[in-house]
1. Each label point is 7 Å from the Cα along the Cα-to-Cβ direction; what then is the distance between the points at B:Asp564 and B:Glu60, in nm?
2. Once you put a point 7 Å from the Cα of A:Asp2 and another 7 Å from the Cα of A:Gln215, both along the Cβ direction, what distance in nm separates them?
3. Taking the Cα atoms of segment B:203-245, what is the range of coordinates along each of the three principal axes, in descending order and whole Å?
4. Quick one: what are the phi-derived ³J(HN,Hα) couplings along segment B:370-384, Karplus 6.51/-1.76/1.60 with θ = phi - 60°, whole Hz, x for glycine and proline?
5. Tilt of helix B:140-155 relative to the longest C-alpha principal axis of chain B, in degrees (0 to 90, nearest 10)?
6. Count neighbours as other Cβ atoms within 10 Å of each site's Cβ, and list the trypsin sites (Lys or Arg not before Pro) in segment B:295-353 that are DSSP loop with at most 15 such neighbours.
7. So, counting K/R as plus one and D/E as minus one, what does the shell of residues with Cβ under 12 Å around B:Asp545 add up to?
8. Have a look at segment B:516-580 and give its Rg and Dmax from the Cα atoms, expressed in angstrom.
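Throughout, read-outs are computed from the coordinates displayed, never taken from laboratory work. This is a predicted model, so every value here is computed, not measured. All Cβ positions, even for glycine, are placed from backbone atoms using ideal geometry, and neighbour counts span all protein chains on display.
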Amino acid sequence: MDIKLRILRFNPETDRKGHWEEYNLEADPDERILDLLHKVKWFDDGSLAFRRSCAHGVCGSDAMVVNGENMLACQVLVKEVSNPIKIEPIRGLPVIKDLVVDMETFFESYKKVMPYLINEEEPGERERLQSPEDRDKFEDTTKCILCAACTTSCPVFWTADTYVGPAAIVNAHRFVFDSRDNASKQRLEILKDVNGAFRCRTAFNCTTACPRGIQVTKAIEDVKRETLTIN
Amino acid sequence: MKVIKHSFDGVIVGAGGAGLRAAIEAAPHMKLAVITKLYPTRSHTGAAQGGMSAALANVEEDNWNWHSFDTVKGSDYLADQPAVDILCKEAIDSVVELEHWGLPFSRLENGKIAQRRFGGHTVKEGEAPAFRACYAADRTGHMILQTLYQKCVSMGVTFFDEFQVLDIKIDDGVCKGVVAYEIATGDIHVFEARAVTFATGGFGKIYKVSSNAHSLTGDGPGILYQKGIPLEDMEFYQFHPTGIYRLGILLSEAARGEGGILRNKDGERFMERYAPSIKDLAPRDMVSRAIATEISEGNGAGPNNDFVYLDLTHLGAETIKQKLPDITDFVRTYVKIEPIDEPIPVQPTAHYAMGGIPTDVDARVLSDAKGTILPGVYSAGESACVSVHGANRLGTNSLLDIVVFGKRAGQSMVDYVSSTKPFSLSENAGEDLKNKINNFIEKEHDPNFSVPKIREELQDSMEENAKIFRSEESLTKQTKILSDLRERYQNVTISDKGKVFNTELLEAIELEYLLDMSDTTVASALERKESRGAHSRVDHIERDDSNWLKHSFAFKNGNSVKLDYKDVELGNYEPKERKY
């Protein structure tokens, strides 16, 4: 089928601001949006910049805005979106070039919530025990691939990038609800802060945007409720 | 183009499982940098699905010797048995250590780590499939990558994200550092470091249908090969039996570990004919050959008879949801099939390099077949060849390999750094890379000599001539094709002349590594006149232990390949006919 692809281009070495460019392509309906970007890059304009690696939705490199919605370019097929297809970089982070944004603030927010297991007790020679029920409590939030689709779909984050954002809270949730972790209180103190979980206005954009199907808004609500248990 | 200098004791190239595990070991003892062309969490370790084997015996009686036996037999007796013993023995503590660092393994009712069956893993040396693979649903690699990265964050490890290492500096046989390209700025960074570990992963992009990420272009092996370091056992490339038809996206062997069945167009469970005792859970080389044979004999399904089915419909919705959620989602996303109700079209997909940078069991890189150590250079994970996988790797042993030998690489870096003094790297260490880049920038773009064209022809021809079944004829033909592609590569041009995120430039440089990987694969395969593990010669169908119980070492010799050989280190297990 014939596809019209419109890409918001920006080259910091030659452009003062972004501009739309249009590409006419022949595509199979089963192809991924990422395949279309490769067609442009490989056979039309080699300077088109975007990140990608695994090409099947597990590495989190290629979050972008496709027809107004955040998604992974490798996870959506041509037949699932309306034609013409409009592609822009994810919002709220500075654009470096074309579809590539600066991820530094995103990863800084992630690191703020202490995203690692903290347990000072001697674990012994074998594994710690954890019941399947306890394991299930944080199953959903272990799926996060840090693609930033959620955080950059959040209207609160668009206005204030000091807000830690949904992805950081998801990664806090993953440890707060892990029975093996002893540092929930410290994390929840961080998330009680003015830039923490309570900045969330439950727009649910994050839940829609998550390519891993994580119930992001629910996780944020779980964390909000949990902060009420500490003082 | 700016050249910026950094001074470290040690540098790790690559931030997948092996690189991160090495970093955890080394970081407390030296000034260390981890350099990755991606963000660490984008590494392809995250795509591994099914599990990581260790004889924890949480489900049934098991011990690491049986794991060793299976690994050696699975390798078609090409693995070095002392190295396999290390892998399997250290597996147990490695899994426990990951759990202590927070890895959210799936659990048994009693709270212990859950274990499942996997191809080629048995109890009592072949008696029955073993519950040995420790797993976290079907995203075990994701969890390992996340856990190791989380540990690194907690330790404050220094990362250089989206910096691509493209050169190593070895003076008088001693490592002095590496040179990297900063993707966001186009600046060159010279890293002075006397200990360097390459943990850059595989090179599945030499084939057209592959489970590998676009980034898997053999950078580490390529950089070293171009400096005269050999690559070991390159003829052994694993094709995973169950890639999604045409796309090559991996569907874990865990699907068969949980009871999934392969069927041909008539619905026949054909693996009963090829491996009567463990059937669908035979090792990957055998299952991939069986599928290729079914297809070539006209038993493939579909209008072109070119795929078989992976049938999960009898497992039930609950098992699929609990144990195979991700891979079934891939099927829904990319094939629009509901795997609970319908069988999935699959075909073998290029998956894993058994070969790579030769190392000893302490991850020290060897510069020849005699075992001479190259001081200060280490490798671990898929980029390395220890060899623990021999001619065919068992499923789950790669996740094990990255943590066991990643840790050993880190330890070796510590030993080396603590017993040597810093060297100084010459001021012009960045010149070679600067010149290479300038050549691409200055050369006028000619669409007839573009990277994608050469790369596409490379991938198509490797798929055609050097895949599962090979012959003198197909490999000779491919040698000629590669030589033509190499010639065209000398004139390759790029259109993007900018400094910021010039990924076209990087694809051009990576293409040379892909050519190196293909050259060594084909040359080693052409020379090995036997069939062993993943290397199947239709003109030499038997394994030949009297002549070929040895590892190949492929050296760069101008634009061709020179081969040398090293005997396999045997141990407890004498080579026997491999039946399942």
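1. 4.6 nm
2. 4.6 nm
3. The Cα atoms of segment B:203-245 stretch 38, 21, 12 Å along the principal axes, largest first.
4. Residue by residue, segment B:370-384 yields 7, x, 5, 8, 8, x, x, 10, 9, 8, 8, x, 5, 5, 9 Hz.
5. The angle comes out at about 40 degrees.
6. Within segment B:295-353, the qualifying trypsin sites (Lys or Arg not before Pro) (loop, at most 15 other Cβ atoms within 10 Å) are B:Lys336.
7. After counting each charged neighbour, the total is -2.
8. So, for segment B:516-580, Rg and Dmax equal 13.3, 43 Å respectively.
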